[in-house]
Amino acid sequence: MAVHRSLVIFAIVALMALAISSATEYVVGGDDGWKLGVKYDDWAKDKMFVVGDTLVFKYKTGSHNVYKVTGDEFKSCTTPSNNSLGSFTGNDTIKLATAGAKWYICGISGHCDGGMKLKITVLDGAPAPAPSAASTLFAKGTGFHVLVGMVLAIVAVIMV
Ligand SMILES: [Cu+2]
């Protein structure tokens, strides 16, 4: 019986550790990706974006691109002169670093007007754990999170 209870506690603690540490990666447009003819409002409306999540814009290289823009640029489909996101790889990953409204458009002529525009609102997530010596040692691998879960589970078992 004691073993059974320990296993349950381990599972709960491990899941909690994973839930706390995992950020969500959203492929913009889902299977459609980033292209003309997709309603990005519909794609975004049932999703909750929090700080630490990432957006991935997938498209055929050269056919499209992604610019982070202001609300005004979004409304008028104005492509900024500089690309704050870096190169256009067709697999452009954007980390949502701050809360608030974010706007993205395709800078190819006519594409933003054609619907390649995405507006999302990023919420403050759970406070990120402060970087520690241990997390530096283990870098960002999931192995570290599993380790944390195991240590917490062992502690829990001892305390029960
Ligand atoms: Cu485009």
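Points worth noting:
Every residue, every condition in (1) within 16 Å of GLY37 (Cα to Cα); (2) in a loop (DSSP other than H, G, I, E, B); (3) in contact (Cβ under 8 Å) with a residue 40 or more places away in the chain, yes or no:
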site: GLU73; (1), (2), (3): no, no, no
site: THR78; (1), (2), (3): no, yes, no
site: ASN82; (1), (2), (3): no, yes, no
site: PHE88; (1), (2), (3): no, yes, no
site: ALA97; (1), (2), (3): no, yes, yes
site: GLY114; (1), (2), (3): yes, yes, yes
site: VAL122; (1), (2), (3): no, no, yes
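- Qualifying residues in segment 99-112 (those that are assigned to a strand (DSSP E or B) and more than 17 Å from ASP32 (Cβ to Cβ)) - the one farthest from the ligand (Cβ to nearest atom): GLY100
- When SER87 is tested against (1) under 20 Å from the mean Cα position of the chain (by Cα); (2) within 12 Å of the ligand (Cβ to nearest atom), exactly one condition is not met: (2).
- Some residue of segment 141-152 being of a type in the set (Ser, Thr, Tyr) and at pLDDT below 95: yes
- Test: residue in segment 14-30 that is under 21 Å from the mean Cα position of the chain (by Cα), more than 21 Å from LEU123 (Cα to Cα), within 16 Å of the ligand (Cβ to nearest atom) and at pLDDT 95 or above: no
- The residues listed here are PHE88, PHE49, PHE10; of these, the one that is at pLDDT below 95, surrounded by 14 or more Cβ atoms within 10 Å (Cβ to Cβ) and in contact with a strand residue (DSSP E or B) (Cβ under 8 Å, 6 or more places away or on another chain) is PHE88.
- Residue within segment 40-51 that is within 15 Å of the ligand (Cβ to nearest atom), closer than 25 Å to SER22 by Cβ and touching a Ser or Thr at 6+ places or on another chain (Cβ under 9 Å) present: no
The values are calculated or read from the model by the stated rules, or taken from the named source; none is laboratory data. Please read these numbers as outputs of a predicted model, since none were measured by experiment. Using ideal geometry, Cβ is built from the backbone for each residue, glycine included, and neighbour counts are taken over all protein chains shown.
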